[in-house]
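Only one structure is covered here, and it is reproduced in the block below.
The values are calculated or read from the model by the stated rules, or taken from the named source; none is laboratory data. This one's a predicted model, so the numbers in the text were calculated from it and none came from an experiment. Using ideal geometry, Cβ is built from the backbone for each residue, glycine included, and neighbour counts are taken over all protein chains shown. Just the protein is used for accessible areas: all its heavy atoms, side chains included, with ligands, DNA and RNA removed. Shrake-Rupley method; radii C 1.70, N 1.55, O 1.52, S 1.80 Å.
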Amino acid sequence: QVRVVESGGGLVQPGGSLRLSCTASGIIVRIYTVDWCRQAPGKQRELVATIDSSGSTNYTDSVKGRTTISRDHRWDTISLQMNSLKPDDTAVYYCNFRGYGTNYWGQGAQVTVSS
């Protein structure tokens with residue numbers, strides 16, 4: 001059974017930083033492409049950042065230059081470092097392990113940017 005777990009969410013002031021982490025059990029993490037997505041209240045889920053099995057990354061325009069997606073040295077934990085956070089970044093952030101015809105989603109981590 002595959003289990004995906006996100007951690008690191010919380011409340012942060014505008015301009016602050018936050019680091020989210022994601023890992024999975026039951027799959028070989030390093031061979032999957034991993035997406036970080038978010039869903040704000042009343043809005044559709046959107047893709048924030050992606051890292052594939054070779055380490056190549058992509059970001060949505062709204063977070064470019066202030067967000068970094070990475071894998072740890074063992075390639076079994078995927079992090080999303082977000083800086084210069086804005087109230088518009090408030091959302092539930094989800095991790096998705098994608099590949100081989102499957103998608104494994106986590107339960108999400110709430111990020112709230114507010115003073």
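See the values below:
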{"read-out": "So W105, is it surrounded by 14 or more Cβ atoms within 10 Å (Cβ to Cβ) and within 12 Å of the chain's Cα centre (by Cα)", "value": "yes"}
{"read-out": "Checking Q110 against (1) surrounded by 14 or more Cβ atoms within 10 Å (Cβ to Cβ); (2) touching a Leu at 6+ places or on another chain (Cβ under 9 Å); (3) not aromatic (F, W, Y), the condition it does not meet", "value": "(1)"}
{"read-out": "Which numbered condition S62 misses (of (1) in contact with a strand residue (DSSP E or B) (Cβ under 6 Å, 6 or more places away or on another chain); (2) modelled with pLDDT of 95 or more)", "value": "(1)"}
{"read-out": "Set I27, I31: member being hydrophobic (A, V, I, L, M, F, W, C) and open to solvent by 50 Å² or more (accessible area, probe 1.4 Å)", "value": "I31"}
{"read-out": "Failed criterion for E6 (all others in (1) within 18 Å of V111 (Cβ to Cβ); (2) in contact with a Gly (Cβ under 6 Å, 6 or more places away or on another chain); (3) open to solvent by 30 Å² or more (accessible area, probe 1.4 Å) hold)", "value": "(3)"}
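Residues are listed down the side, and each one gets a yes or a no for (1) open to solvent by less than 10 Å² (accessible area, probe 1.4 Å); (2) in contact with a His (Cβ under 6 Å, 6 or more places away or on another chain); (3) within 20 Å of R30 (Cα to Cα):
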{"position": "V48", "(1), (2), (3)": "yes, no, yes"}
{"position": "G55", "(1), (2), (3)": "no, no, yes"}
{"position": "V63", "(1), (2), (3)": "yes, no, no"}
{"position": "R66", "(1), (2), (3)": "no, no, no"}
{"position": "I69", "(1), (2), (3)": "yes, no, yes"}
{"position": "D89", "(1), (2), (3)": "yes, no, no"}
{"position": "V92", "(1), (2), (3)": "no, no, no"}
{"position": "F97", "(1), (2), (3)": "yes, no, yes"}
{"position": "G101", "(1), (2), (3)": "no, no, yes"}
